[in-house]
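Below is one structure; the comments refer to it alone.
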Protein chains: 2
Amino acid sequence: MANATGGPEIEQLIQLLSRLPGLGPRSGRRAVLHLIKKKEQLMVPLAAALERAVAAVRVCESCGNIDTVSPCGICSDPRRAESGLLIVVEDVADLWALERAGIGPARYHVLGGVLSPLDGVGPDDLSIDQLLRRAPDYSEIVLAVNATVEGQTTAHYITDRLAGTGVTITRLAHGVPVGGELDYLDEGTLSQALKARTRF
Amino acid sequence: MANATGGPEIEQLIQLLSRLPGLGPRSGRRAVLHLIKKKEQLMVPLAAALERAVAAVRVCESCGNIDTVSPCGICSDPRRAESGLLIVVEDVADLWALERAGIGPARYHVLGGVLSPLDGVGPDDLSIDQLLRRAPDYSEIVLAVNATVEGQTTAHYITDRLAGTGVTITRLAHGVPVGGELDYLDEGTLSQALKARTRF
């Protein structure tokens, strides 16, 4: 029998969309049907936007951020340089999350991952050497890595490598998430939140 | 401060991807970061696949299926014509679901929705007239509409309109889903499954 789900062009589009995070084969098919139904409003603009992004996207040679220029908009913003603050993150997604939080002027350094001997990720696979070169230009480096074992190992490794540069090294506070209920928090977070308690 | 999430090209791509079913603003951003990281393996092929699909996709003038040719691969398959079986579905997604189930040779008719006075969907908004014109060529019409109030209303309306054509009209069986547990089924399904019980 003839292929029922609409020819190789549609089949290939389903396969590619299914590889996006958050989508699978079933939701990929739904997405393709939605695209085809909204051809002029969504499918045509999406194809054009992808083409433009493919041509425009750059990885910032200084910090590892993703932008359409290099150095990126953040690295070429003089107000951010004056802050003297360099925030080290694992991934561009973390950088975007901090920017959405409106944390005030700062620059970033994207490591590109964390140290993970099991996955074969060593210091040379991350942008740690570039970080060491940038460090002297800043007064404070915040290690905003994830609170996982690998994240904390990476933070310790970077702290060792930065010893002697004189730059202040800090990390994000642990504590109760805003809006969070104590009852649902793990013991580690609760005990850290109590230790770091502040005056009311 | 400069826009941190990477220029208008990236922002627009996030907005468009967020409009796909199953994705939202947060997962749209994750999807775009994933695309940018896998630029050559995923982003470039996806842009090309979308372009090809935009150019190739057709709605079959006979049955309403989506394909790259019209009449579609199903309508131009002689083995399916011989079956004498026409399956009426609400949507192309239902057609694809039945094809995946490997139901054997049949043709389809995509209604494009169900009657819904509340949403202003009347008979003229569905491809019911086309169905009436196709009906005499088939020996049996299966109304494979969803088991919702609107679906069943639509099925009754179509049955009335087809009265006098002499074609046999059937519907999908109600019963226990394969692999389903009785305990979790609603009373309506259970009572229908008992009424339609078959010899073991």
Determine the total buried accessible area between chain B and chain A, counting protein heavy atoms only with a 1.4 Å probe; round to the nearest 100 Å². 5700 Å²
I need the phi-derived Karplus couplings for region A:174-185: 6.51 cos²θ - 1.76 cosθ + 1.60, θ = phi - 60°, integer Hz, Gly and Pro marked x. 8, x, 6, x, 4, x, x, 9, 3, 3, 9, 8
So for each of A:106-112, A:139-145 I average, over its residues, the number of other beta carbons within 10 Å; can you give me the resulting order with the highest mean first? A:106-112, A:139-145
Sort A:27-36, B:74-83, B:30-39 by packing, meaning the average of other beta carbons within 10 Å per residue, with the highest value first. A:27-36, B:30-39, B:74-83
Return a whole-number percent for the relative contact order of region A:83-171, with Cα pairs under 8 Å and 6 or more residues apart as the contact set. 33 percent
Return the Rg/Rh value of region B:109-200, two decimal places, where both radii are evaluated on C-alpha atoms and Rh is the Kirkwood radius. 1.04
Based on the inverse mean of 1/r over its pairs of different Cα atoms, what is the Kirkwood hydrodynamic radius of region B:8-56, in Å? 11.2 Å
HN-Hα J in Hz across region A:126-134 - Karplus 6.51, -1.76, 1.60, θ = phi - 60°, x for Gly and Pro: 10, 8, 6, 4, 4, 4, 4, 5, 7
Between helix B:44-56 and chain B, what is the angle of the helix's C-alpha long axis to the longest principal axis, kept within 0 to 90° and rounded to the nearest 10? 40 degrees
Once you list every other residue whose beta carbon is under 11 Å from the beta carbon of B:Val167, what net charge do they have if Lys and Arg are +1 and Asp and Glu are -1? -1
If you add up the charges near B:Val142, with Lys and Arg at +1 and Asp and Glu at -1, over every other residue whose beta carbon is less than 15 angstrom from its beta carbon, what do you get? -1
Shielding by partners for A:22-30, please: the mean number of other protein chain Cβ atoms within 10 Å of each residue's Cβ. 4
Under 5 Å from the placed amide H of A:Asn146, counting only residues 5+ away or on other chains, we find A:Glu90
So, with a 1.4 angstrom probe, what is the percent of accessible area on the protein assembly as shown that is carbon and sulfur? 53 percent
Please report the spacing between the Cα centers of region A:48-65 and region A:106-160 in Å, no decimals. 23 Å
For the protein assembly as shown, with every protein chain kept in place, what is the accessible area per residue (1.4 Å probe, Å²)? 54 Å²
For peptide A:76-84, how many partner chain Cβ atoms fall within 10 Å of a residue's Cβ, on average? 1
Where Lys and Arg each count +1 and Asp and Glu each count -1, what net charge lies around B:Leu190 among other residues with Cβ under 12 Å from its Cβ? -2
Could you tell me what percent of the DSSP beta bridges with both partners in chain B are antiparallel, to the nearest 5? 20 percent
As an exercise, identify the trypsin sites (Lys or Arg not before Pro) in region B:136-200 lying in DSSP coil whose Cβ has no more than 15 other Cβ atoms within 10 Å. B:Arg197, B:Arg199
Peptide-level mean, for B:186-199, of C-beta atoms on other protein chains within 10 Å: 0
Equivalent ellipsoid, the protein assembly as shown (semi-axes from 5 times Cα gyration tensor eigenvalues, Å): 56, 26, 18
For chain A, the Rg and Dmax computed from alpha carbons only, in angstrom: 21.9, 74
For a quick protection proxy, order the peptides A:115-122, B:174-181 by their average other-Cβ count within 10 Å, most packed first. A:115-122, B:174-181
Rounding to the nearest 10 and keeping the result within 0 to 90°, find how far the Cα-based axis of helix A:25-37 lies from the longest principal axis of chain A. 60 degrees
Angle in degrees between helix B:7-18 and the longest Cα principal axis of chain B, rounded to the nearest 10: 20 degrees
Per DSSP H run of n ≥ 4, the term is -39500 (n - 2.57); total these for chain B, divide by its residue number, and report the mean residue ellipticity at 222 nm rounded to 500 deg cm²/dmol. -12000 deg cm²/dmol
With a bin width of 10 angstrom, please list the P(r) values of region B:61-180 as percents of all Cα-Cα pairs, from the 0 bin to the one holding the largest distance. 13, 47, 33, 7, 0
Restricted to the protein assembly as shown, the DSSP antiparallel beta bridge percent, nearest 5, is 20 percent
With a cut-off of 8 Å between alpha carbons and a minimum separation of six or more residues, what is the relative contact order of region A:8-56 in percent? 24 percent
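The values are calculated or read from the model by the stated rules, or taken from the named source; none is laboratory data. These numbers were taken from a predicted model, which means no experiment stands behind them. FYI the Cβ positions are ideal-geometry reconstructions off the backbone, even for glycines, and counts take in every protein chain you see. Calculation scope for accessible area: heavy atoms of the full protein, side chains included, ligands and nucleic acids excluded. Shrake-Rupley method; radii C 1.70, N 1.55, O 1.52, S 1.80 Å.
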